[in-house]
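Q: Just passing along the structure, written as structure tokens.
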Amino acid sequence: MKVLLAPLFFQQRMCKHCARIYYQKNPGSWLGLHEFESLPPLGSFDNARGFIPDFPALLMFNEFVIDAEAYDRLRNPGERVWLRQWSELVDALKSEGALTITDVTRAASKNRHKRSWMLRRDLQHPQKWWQAMGYFDSLAGTATKFLGDSPQQASNFAWEFDPDAQYGITGKDGQVHDLSVVLLESGRSRTKAHQELYTAALENLRGHLREVNACICACNEIGVAPMMWAPYRRYLEGKLAPYERQMLDKADAGNCFFKIAFPAYAPTTVRQFSKLRSDRRVNSLRLEITRATREGGTLEPGYPQAILMEVLKLERRAGRIRSIIGWMATAAGIIPIPGIGLAAKAASEGASELVSKHLKKPWHWFYLISDGRGAT
């Protein structure tokens with residue numbers, strides 16, 4: 001499956017002149033989330049390493065599409081040292097032929113009439129989006145809080161939804177109000193401040209929907225699945241057909257598998273990520289991740305222990321078989337026929353290797369993730 005690494009702000013653009021003036025007056029700072037407006041989902045933030053790509057989710061896909069402007073920024077991060085991991089990642093994907101660079105904005109602009117129709121349809125019943133908007137505002141508000149005004153002040157941050165983290169705007173009554181609640185009430189609230197904020201809630205919703213619709217239209221034009229920033233998750237779930245949500249399911253499966261079942265084996269660097277992708281056994285790993293997630297195995301505490309027990313049984317069995325084959329080769333080597341001893345030894349080594357490969361085949365995926373990172 002090929003996915004589009006779509007930006008956080010797909011359509012909204014900050015004036016480049018204003019941004020340039022801001023950076024001149026505030027060196028070393030960043031403009032909050034607007035700093036990342038043309039960039040793909042960057043993953044979690046670590047104040048020592050910068051943005052770390054979501055390797056487990058990305059591992060589930062074969063090919064990627066990225067906007068040309070985003071690619072240029074990632075390839076030449078300059079003083080943006082927090083993008084170095086992504087600079088390495090796009091280099092690695094480009095070198096293996098798995099990254100396509102295109103003008104995503106242009107792809108979206110070809111469907112302007114369709115986007116207008118989609119927005120009108122979405123706004124016929126705006127209250128249906130209140131949870132999606134609340135989810136967006138919560139994640140975006142938390143990101144703004146933790147990332148702060150500069151990378152030097154930013155705290156470690158992951159895109160995890162906290163239902164208790166609510167952000168809103170101040171009404172005329174001096175109180176902070178959650179716009180998603182205002183939207184849910186659809187202008188019929190008995191609270192005067194909510195009545196006054198309903199127009200602001202609609203504008204907030206309209207901006208989010210424009211972003212999502214632009215991404216969906218661009219993906220249809222390019223022929224890829226959308227991988228948007230985390231805040232848009234609930235909007236995508238509400239707009240995509242079940243078969244189109246496979247991308248979300250696959251990304252979730254990768255994260256769930258490594259976060260819950262095998263956290264010690266999760267790829268955390270570009271080098272580890274590339275090593276897994278380049279191995280032929282990666283398809284076996286993807287199939288196991290999908291199967292285990294679909295059947296609920298990755299959420300069961302006993303799943304990783306069961307896998308380890310099966311692999312240990314396999315190792316013991318393979319060891320016994322190698323011992324038997326070795327004994328047979330030794331016995332054959334006793335026969336006083338020239339050449340038989342060497343031939344028997346070579347045959348035993350070849351047979352032992354074949355048997356071992358045959359036994360381990362169903363568990364190729366485990367040997368792949370644990371190679372050099374844990375005992376089996």
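The values are calculated or read from the model by the stated rules, or taken from the named source; none is laboratory data. Here the structure is a predicted model, which is why all the values come from computation and not from measurement. Note that each Cβ is placed from the backbone with ideal geometry, even for glycine, and that neighbours are counted across all protein chains shown.
Q: If I filter the stretch 19-50 down to residues being hydrophobic (A, V, I, L, M, F, W, C) and under 27 Å from the mean Cα position of the chain (by Cα), which single residue comes out as nearest to Leu89 (Cα to Cα)? Give the derivation first.
A: Residues of the stretch 19-50 that are hydrophobic (A, V, I, L, M, F, W, C), as a first pass: 19, 21, 30-31, 33, 36, 39, 42, 45, 48.
Next, from what is left, pick out any that are under 27 Å from the mean Cα position of the chain (by Cα): 30-31, 33, 36, 39, 42, 45, 48.
Numbers: Trp30: 22, Leu31: 24, Leu33: 21, Phe36: 17, Leu39: 13, Leu42: 11, Phe45: 16, Ala48: 18 Å.
The extreme case among them is Leu42.
Q: Determine, yes or no, whether Glu79 is surrounded by 15 or more Cβ atoms within 10 Å (Cβ to Cβ) and either in a helix (DSSP H, G or I) or of a type outside the set (Gly, Ala, Ser) (or both).
A: So Glu79 does not fit the description; no.
Q: Now for a separate question. Can you name the helices (runs of 4 or more DSSP H) wholly within the stretch 84-200 that have at least 2 residues being of a type in the set (Val, Ile, Thr)?
A: On the way: elements: 84-95, 104-109, 112-122, 130-147, 179-185.
Filter on the stretch 84-200 gives 104-109, 130-147, 179-185.
Q: Among the residues of the stretch 225-236, which ones are touching a helix residue (DSSP H, G or I) at 6+ places or on another chain (Cβ under 7 Å) and either hydrophobic (A, V, I, L, M, F, W, C) or without any contact (Cβ under 8 Å) to a residue 60 or more places away in the chain (or both)? Reasoning before the result, please.
A: Keep residues of the stretch 225-236 that are touching a helix residue (DSSP H, G or I) at 6+ places or on another chain (Cβ under 7 Å), which gives 225-228, 230-236.
Within the stretch 225-236, Ala225, Met227, Met228, Ala230, Leu236 qualify.
Q: Is it true that some residue in the stretch 266-273 is touching a residue at least 12 places away in the same chain (Cβ under 8 Å) and more than 17 Å from Ser44 (Cβ to Cβ)?
A: No - not one qualifying residue is present in the stretch 266-273.
Q: Has the stretch 184-195 got any residue that is in the same structural domain as Asp91 (by TED's automatic domain parsing) and touching a Gly at 6+ places or on another chain (Cβ under 7 Å)? Reasoning before the result, please.
A: Let us first name the residues in the stretch 184-195 that are in the same structural domain as Asp91 (by TED's automatic domain parsing), namely 184-195.
Checking the rest, the ones that are also touching a Gly at 6+ places or on another chain (Cβ under 7 Å) come to 193, 195.
Checked against the condition, which is being in the same structural domain as Asp91 (by TED's automatic domain parsing) and touching a Gly at 6+ places or on another chain (Cβ under 7 Å), the stretch 184-195 yields at least one hit.
Q: Could you check, for the stretch 53-73, whether at least one of its residues is of a type in the set (A, V, I, L, M, F, W, C), closer than 30 Å to Arg281 by Cα and without any contact (Cβ under 8 Å) to a residue 40 or more places away in the chain?
A: Taking the stretch 53-73 first, the residues of a type in the set (A, V, I, L, M, F, W, C) are 55, 57-61, 64-66, 68, 70.
Still in the running and closer than 30 Å to Arg281 by Cα: 55, 57-61, 64-66.
Those left that are additionally without any contact (Cβ under 8 Å) to a residue 40 or more places away in the chain: none.
No - not one qualifying residue is present in the stretch 53-73.
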